[in-house]
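Below is one structure; the comments refer to it alone.
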Amino acid sequence: MVHMLDLVADCRNCAGLCCVALPFTRSADFAFSKDGGEPCPNLAPDFGCGVHDRLRPLGMIGCTTYDCFGAGQAVTQGLYDGRDWRSDPARASEMFEVFGSVRRLHEMLFYLTDARDELIRTAAEDNLLERISSLVATTESLTLTTPYDVLGVDVDAHRLEVGPLLREASVALRAHLEQGVDVDRVRRDDLAGQGLSDLDLRAADLRGKLLIGADLHDADLRGADLLGADLRGCDVRGADLRNALFLTQMQVNAATGDGATRINPTLTRPSHWA
């Protein structure tokens, strides 16, 4: 059975796939532009980052927020048996494409596993738990085959199957919680820069909300659905994010928290929160 810790990036067992496969454009998140398939100039011979301890001061904030949901090591060590794009350049473009598909499947696995674990924890709806667990197994099986088989997966079609079930799980799980008294304050989609500090937003539906630069410090977000919410620069100092649904490491990394911010133990407290 897949666990949340299986979906955590382990850069030591990856061949720097995200540092090569992914493109980025010079912006507030990146100090320079890079094409997909082009190695980052900061990538070291051992596939580590040569400026890892200075990424944010150097303007590479995007690198500190990115997370592959464990796809990097799954592709490098699992699907390619430890081979890498440098030692096998003829298959480099294939590896990068496989990495992209596995990363998307692992993201879905993260959400499905989160829903499954919360359904188990709350003892909610046996039928829904059974359907979620079945889709977890199906999604995981798509990543444990061969590179050729992974490239044959219609990831977009699979997402269309996963999405409605995640929505159903969200509704069911939040129905078992006491709704926060301030949820009406966050009904609209664009909440960028809004002052929402100290609000009781338990079990709120914040799915896909634009929360860039919003002030959520000391807010109670327990049980809130945060799937796809944009938390870049969002102030969550002192906020309670325990058991928030579908909260990812990327969202945590993009937000601004502190030692008083409460998150689930499956997530890592970013160093820039100190």
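Set side by side, the residues Thr138, Thr145 differ, and just one is outside any helix (DSSP H, G or I), over 23 Å from Tyr66 (Cα atoms) and assigned by TED's automatic domain parsing to the domain that holds Leu105, which is Thr145. Applying a threshold of 7 Å to beta carbon distances and a minimum spacing of six or more residues, or different chains, the list of pairs starting in region 10-37 at a residue that is at positive phi and ending at one that is hydrophobic (A, V, I, L, M, F, W, C) reads Gly16/Leu43; Gly16/Phe47; Gly37/Val20; Gly37/Ala21; Gly37/Phe96. The set of residues in region 65-84 being surrounded by fewer than 16 Cβ atoms within 10 Å (Cβ to Cβ) and more than 16 Å from Val150 (Cβ to Cβ) consists of Gly82 alone.
Quick check on region 146-167. Is at least one of its residues of a type outside the set (A, V, I, L, M), in contact with a His (Cβ under 6 Å, 6 or more places away or on another chain), closer than 23 Å to Gly228 by Cβ and surrounded by 15 or more Cβ atoms within 10 Å (Cβ to Cβ)?
As a first pass, look at region 146-167 and keep what is of a type outside the set (A, V, I, L, M): 146-149, 152, 154, 156, 158-159, 161, 163-164, 167.
Filter once more, so that each one left must be in contact with a His (Cβ under 6 Å, 6 or more places away or on another chain): none.
Scanning region 146-167, I find no residue that is of a type outside the set (A, V, I, L, M), in contact with a His (Cβ under 6 Å, 6 or more places away or on another chain), closer than 23 Å to Gly228 by Cβ and surrounded by 15 or more Cβ atoms within 10 Å (Cβ to Cβ), so the answer is no.
Hey, any hits in region 115-135 for a residue that's over 21 Å from Asn243 (Cα atoms), outside any helix (DSSP H, G or I) and within 22 Å of the chain's Cα centre (by Cα)? Checking region 115-135: not a single residue is over 21 Å from Asn243 (Cα atoms), outside any helix (DSSP H, G or I) and within 22 Å of the chain's Cα centre (by Cα). Taking first residues from region 159-186 that are over 14 Å from Ala115 (Cβ atoms) and partners that are in a helix (DSSP H, G or I) and charged (D, E, K, R), the Cβ contacts under 8 Å between residues at least 6 apart in sequence or on separate chains come to Arg159/Arg104.
Can you work out which of the residues in region 243-262 that are farther than 15 Å from Ala274 by Cβ and in a loop (DSSP other than H, G, I, E, B) is nearest to the chain's Cα centre (by Cα)?
Residues of region 243-262 farther than 15 Å from Ala274 by Cβ: 243-251, 254, 262.
With in a loop (DSSP other than H, G, I, E, B) added as a condition, the list becomes 243-244, 246-248.
On the way: Asn243: 15, Ala244: 13, Phe246: 8, Leu247: 7, Thr248: 4 Å.
Among those residues, the one meeting the criterion is Thr248.
Annotation: of all residues in region 85-101 being over 24 Å from the mean Cα position of the chain (by Cα) and surrounded by 15 or more Cβ atoms within 10 Å (Cβ to Cβ), the one that is nearest to Arg12 (Cα to Cα) is Trp85. Residues that are within 23 Å of Ala274 (Cβ to Cβ) and basic (Lys, Arg) were ranked within region 221-242; the one that is surrounded by the most Cβ atoms within 10 Å (Cβ to Cβ) is Arg232.
Select from region 44-64 the residues that are among the hydrophobic types (A, V, I, L, M, F, W, C) and more than 18 Å from Thr25 (Cβ to Cβ) and write down the one among them that is surrounded by the most Cβ atoms within 10 Å (Cβ to Cβ). Don't jump to the end; show me each part of the working.
Quick first cut of region 44-64, residues among the hydrophobic types (A, V, I, L, M, F, W, C) only: 44, 47, 49, 51, 55, 58, 60-61, 63.
Keeping just the survivors that are more than 18 Å from Thr25 (Cβ to Cβ) gives 44, 47, 49, 51.
Numbers: Ala44: 13, Phe47: 21, Cys49: 17, Val51: 15.
Taking the candidates together, the pick is Phe47.
Here the condition is being within 16 Å of Asp114 (Cβ to Cβ) and part of a loop (DSSP other than H, G, I, E, B); of Arg207, Arg202, it holds for Arg207 alone.
The values are calculated or read from the model by the stated rules, or taken from the named source; none is laboratory data. As the structure is a prediction and not an experimental result, all values here were calculated from the model. Note that each Cβ is placed from the backbone with ideal geometry, even for glycine, and that neighbours are counted across all protein chains shown.
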